[in-house]
Amino acid sequence: KYDLILVPRLTRADASHQFVDVSSALCVGKGGRVRGIEARAEVAYELTVRDGRGRTIAHVTANGTGHATAGALGCLVEPASGPLGRAFDEAQTAALMSLFARASSSPEVVAYLRAEQERKSEPAGLTLRVRFDDGRSILPNSQLDAGEEADLVLTVTNQGRGAGYGVALTLSSD
């Protein structure tokens, strides 16, 4: 069982780049000038925060932008996807950082986590009921007669408001 379920979704991913002279294999622009590549990217994410039962607690969105350039040398050894990839990575990182910051400071998420912490910190009220059952014996009479075998039935019940963590039952004989 989970306390929180995070469901991110990429809602937009745009990237573009510019060459001065796209047809030139050497990235040479007009007038013989050597030019580079400039790339820009923008992404948008939305995040649905759900409780352990799948109920929506909050819905947040965030955007991120990225920018990368490659000079003349970079243009010769790096395809346009290099600056585009770096710009996209930068945009995605910025968007995700913003998304999780917004989610963790969302009033709905903060209230839910506070309530969960309180619920888990409340004491457990464990009770133990022990009985035997001689219903499979030859003469069942709710008494453990000499030489008779019976089932030992243990029932642990939590009547408190908090969960019982680390509960262990140890049986031993005299």
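The values are calculated or read from the model by the stated rules, or taken from the named source; none is laboratory data. Being a predicted model, the structure only gives us computed values, none of them experimental. All Cβ positions, even for glycine, are placed from backbone atoms using ideal geometry, and neighbour counts span all protein chains on display. Areas reflect the complete protein model, heavy atoms only, side chains present, ligands, DNA and RNA absent. Shrake-Rupley method; radii C 1.70, N 1.55, O 1.52, S 1.80 Å.
Simple spin-label model, 7 Å along Cα-to-Cβ: Arg131 to Leu152 in nm?
Once both label points are built, they end up 1.7 nm from each other.
Determine ³J(HN,Hα), in whole Hz, for all residues of segment 147-160 in sequence, where each value follows from phi through the Karplus function 6.51 cos²θ - 1.76 cosθ + 1.60 and θ = phi - 60°; x replaces Gly and Pro.
These are the phi-based 3J(HN,Hα) values: x, 8, 9, 8, 8, 9, 10, 10, 10, 9, 10, 9, 9, x Hz.
Taking the Cα centre of segment 76-159 as origin, sum charge times position over the Cβ atoms of Lys and Arg (+1) and Asp and Glu (-1), and report the length of that vector in debye to the nearest 20.
The calculated dipole for segment 76-159 is roughly 420 debye.
Once ligands and nucleic acids are excluded and a 1.4 Å probe is used, how much of Thr157 is accessible, expressed in Å² to the nearest 10?
60 Å²
State the percentage of accessible surface on segment 78-174 attributable to carbon and sulfur atoms; use a 1.4 Å probe and exclude ligands, DNA and RNA.
The C+S portion of the solvent-accessible surface of segment 78-174 is 55 percent.
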